[in-house]
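Below is one structure, written out as structure tokens; comments come after it.
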């Protein structure tokens, strides 16, 4: 009744609005997708001079083959995979243990620990002091300089803590009476009960590691240890590799293909990501 | 420590100072394994968050290759306030970040209002899926995509300009173009994502209010103005305050899109810190710049928190 779609008098203005709104949103979606689709199409285009085409004139997979067969392009990809996998596992282990500890209401010092991690959200040392610490720890030019500082994200830690708090206390207590140690309770009961939460936080970490760029720029000089994001940027800006090489394909096609390669993993995770990230944002208020 | 009257501690006399201590010791002993579980995180926080705080002191020292040389007080800050490039970066940060904040809020609120009017479930979901997507791409990828699209030689935008007989424009290297283009790309990436929180607030609006307003003959526009907007007013304010407090944190987005040709219009405090500190290796000066930035951010967070307390009776921290 109230939301009826009709051109009868009294409903007409609404109907026109609905049509305009739908058209606007469709155009918006196109505007969102066009840049990505254009890059995708151009990455298969052997003709080089792309202009306004949205389908390759001569389709080719050469650019992707080149990425797979060129060490200086394939290695960064593997570095990305390595830091993402190792980083995510490490980050999940460390943060979930810490988050579980923070749910222990009676533990002396719990509030102190909670505030200690919350403070880091509002005041931090800054770029140079952090760089100097990493330097003095001897982590410069190692992948640990990228992996370790990101293993504890305060926001993720608090989300995990909130998640663990929803586990019924009764189950844990009965296991305690049965003589389970805290570590056993954690690994045998809490973790299996929190699969959904762990998956969500794991995805958050994985995207963060995959998209890491700046930490590589500051902490790692050795180009052999750079990840795909850094390599992509080099390739887009100025690159000897593309200028020098005698390839059968246009440099721009390789550049486009590299963009697509760095998007693919995020695209694969996206259906899961969207659901969990939205939940995370709506959990909103971060309270100690 | 309210719940200390625990059954296994019942043997102790309550109240006395000594028994309090003993109780605490017993609890610490009971929770010993948990302290070990917290240890790895504690180490990470101490190493990468607290040690750098101690490192801030080099802002007040002369720092050489072998470490701290001598105390020089506020000299770095005098140099900072006298530096033209610093003020340029400071003003750019306020301008770019401020415009981005206002523009971002406006676009996200409008888009969430429009999305809220969509009654067709699957279409709404599809639209949301598409507009959230760019948020998950890194700034490097986004900058790369638009570098290709805006490229003066092969980019699609310049192809269109050329087909109309115009001269190709190198958008990302022209001072007059850089800021508008940057803000547009930023909107492309984050507008959709920004709607999530407003959509959640909008779903809390009471449908009966709309029915009643409709029966009373209120037009749609009036309904939006008198029912919808008041519902999300607090959310808009809170989001605004929170974004305001992170206004000085603009970095990676600018870093990946700027180039030496457009430093004048694009340099922000953080990119300036990076260049003076890590490129020119002027560690103490760059730390001073960073400290200035951190203190400003911190002050803004505290003010934002106070404002939030006044507005919604609840602090955001």
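The values are calculated or read from the model by the stated rules, or taken from the named source; none is laboratory data. Predicted, not measured: the structure shown is a model, and the values here were computed from it. Cβ atoms come from the backbone with ideal geometry, glycine included; neighbour counts cover every protein chain shown.
Report the residue count in the stretch A:27-59 for those that are at pLDDT 90 or above and over 18 Å from residue A:249 (Cα atoms).
Going through the stretch A:27-59 one residue at a time, the tally reaches 11.
Can you find even one residue in the stretch A:43-56 that is in contact with a strand residue (DSSP E or B) (Cβ under 9 Å, 6 or more places away or on another chain) and surrounded by fewer than 13 Cβ atoms within 10 Å (Cβ to Cβ)? Even if it seems obvious, please write down each step before you answer.
First pass over the stretch A:43-56, keeping only residues in contact with a strand residue (DSSP E or B) (Cβ under 9 Å, 6 or more places away or on another chain): A:44-46, A:53, A:55-56.
Then keep just the ones that are surrounded by fewer than 13 Cβ atoms within 10 Å (Cβ to Cβ); that gives A:55.
Within the stretch A:43-56, one or more residues are in contact with a strand residue (DSSP E or B) (Cβ under 9 Å, 6 or more places away or on another chain) and surrounded by fewer than 13 Cβ atoms within 10 Å (Cβ to Cβ).
Any residue at all in the stretch A:60-80 that's over 24 Å from residue A:250 (Cα atoms) and either surrounded by 14 or more Cβ atoms within 10 Å (Cβ to Cβ) or in contact (Cβ under 8 Å) with a residue 40 or more places away in the chain (or both)?
Yes, there is a match, as at least one residue in the stretch A:60-80 is over 24 Å from residue A:250 (Cα atoms) and either surrounded by 14 or more Cβ atoms within 10 Å (Cβ to Cβ) or in contact (Cβ under 8 Å) with a residue 40 or more places away in the chain (or both).
Could you pull out every one of the helices (runs of 4 or more DSSP H) wholly within the stretch B:51-117 that has 3 or more residues that are surrounded by 20 or more Cβ atoms within 10 Å (Cβ to Cβ)?
Details: elements: B:51-55, B:75-82, B:84-116.
Result: B:84-116.
Kindly indicate whether residue B:27 is touching a residue at least 12 places away in the same chain (Cβ under 8 Å), surrounded by 14 or more Cβ atoms within 10 Å (Cβ to Cβ), more than 14 Å from residue A:149 (Cβ to Cβ) and at the interface with chain A (Cβ under 9 Å from one of its Cβ atoms).
On the way: touching a residue at least 12 places away in the same chain (Cβ under 8 Å): yes; surrounded by 14 or more Cβ atoms within 10 Å (Cβ to Cβ): yes; more than 14 Å from residue A:149 (Cβ to Cβ): yes; at the interface with chain A (Cβ under 9 Å from one of its Cβ atoms): yes.
Judged against the criteria, residue B:27 is a match.
Name, by its number, the condition in (1) surrounded by fewer than 17 Cβ atoms within 10 Å (Cβ to Cβ); (2) at pLDDT below 90; (3) assigned to a helix (DSSP H, G or I) that does not hold for residue A:224.
(2)
What do you reckon, is residue B:186 at negative phi and either touching a strand residue (DSSP E or B) at 6+ places or on another chain (Cβ under 6 Å) or surrounded by fewer than 16 Cβ atoms within 10 Å (Cβ to Cβ) (or both)? Lay out the reasoning, then the answer.
Working: at negative phi: yes; either touching a strand residue (DSSP E or B) at 6+ places or on another chain (Cβ under 6 Å) or surrounded by fewer than 16 Cβ atoms within 10 Å (Cβ to Cβ) (or both): no.
No.
Output yes when any residue across the stretch A:268-284 is crowded, with 17+ Cβ neighbours inside 10 Å, at the interface with chain B (Cβ under 8 Å from one of its Cβ atoms) and modelled with pLDDT of 90 or more, and no when none is.
No, every residue in the stretch A:268-284 fails to be crowded, with 17+ Cβ neighbours inside 10 Å, at the interface with chain B (Cβ under 8 Å from one of its Cβ atoms) and modelled with pLDDT of 90 or more.
For the stretch B:119-153, which residues satisfy the criterion of being part of a loop (DSSP other than H, G, I, E, B), surrounded by fewer than 21 Cβ atoms within 10 Å (Cβ to Cβ) and at the interface with another protein chain (Cβ under 7 Å from one of its Cβ atoms)?
B:119
Can we say residue A:89 is closer than 14 Å to residue B:41 by Cβ, assigned to a helix (DSSP H, G or I) and assigned by TED's automatic domain parsing to the domain that holds residue A:155? It would help to see each step written out before you state the result.
Details: closer than 14 Å to residue B:41 by Cβ: no; assigned to a helix (DSSP H, G or I): yes; assigned by TED's automatic domain parsing to the domain that holds residue A:155: yes.
Here the answer is no, as residue A:89 does not meet what is asked.
Can you tell me which of B:218, B:201 is in contact (Cβ under 8 Å) with a residue 24 or more places away in the chain, more than 17 Å from the chain's Cα centre (by Cα) and farther than 27 Å from residue A:211 by Cβ? Quick ask: steps written out before the conclusion?
Working: B:218 fails: in contact (Cβ under 8 Å) with a residue 24 or more places away in the chain.
Step by step, each of B:218, B:201 is checked, and only B:201 is in contact (Cβ under 8 Å) with a residue 24 or more places away in the chain, more than 17 Å from the chain's Cα centre (by Cα) and farther than 27 Å from residue A:211 by Cβ.
Hey, which of the helices (runs of 4 or more DSSP H) in the stretch B:222-272, taking only ones fully inside, have at least 3 residues that are more than 18 Å from the chain's Cα centre (by Cα)? Write out each step before concluding.
Numbers: elements: B:229-245, B:252-257, B:263-266.
Because the criterion is at least 3 residues that are more than 18 Å from the chain's Cα centre (by Cα), the helices (runs of 4 or more DSSP H) in the stretch B:222-272 that meet it are B:229-245, B:263-266.
Checking the structure you have, find out if any residue of the stretch A:190-206 is over 30 Å from residue A:171 (Cα atoms), crowded, with 20+ Cβ neighbours inside 10 Å and assigned by TED's automatic domain parsing to the domain that holds residue A:174.
Step one: of the stretch A:190-206, the residues over 30 Å from residue A:171 (Cα atoms) are A:206.
Those still in the list that are crowded, with 20+ Cβ neighbours inside 10 Å too: A:206.
From what is left, the residues that are assigned by TED's automatic domain parsing to the domain that holds residue A:174 are A:206.
Yes; the residues of the stretch A:190-206 include at least one that is over 30 Å from residue A:171 (Cα atoms), crowded, with 20+ Cβ neighbours inside 10 Å and assigned by TED's automatic domain parsing to the domain that holds residue A:174.
Can we say residue B:300 is more than 19 Å from residue B:140 (Cβ to Cβ) and crowded, with 17+ Cβ neighbours inside 10 Å? Before you say what the answer is, go through the steps one by one.
Values: more than 19 Å from residue B:140 (Cβ to Cβ): yes; crowded, with 17+ Cβ neighbours inside 10 Å: yes.
So residue B:300 fits the description; yes.
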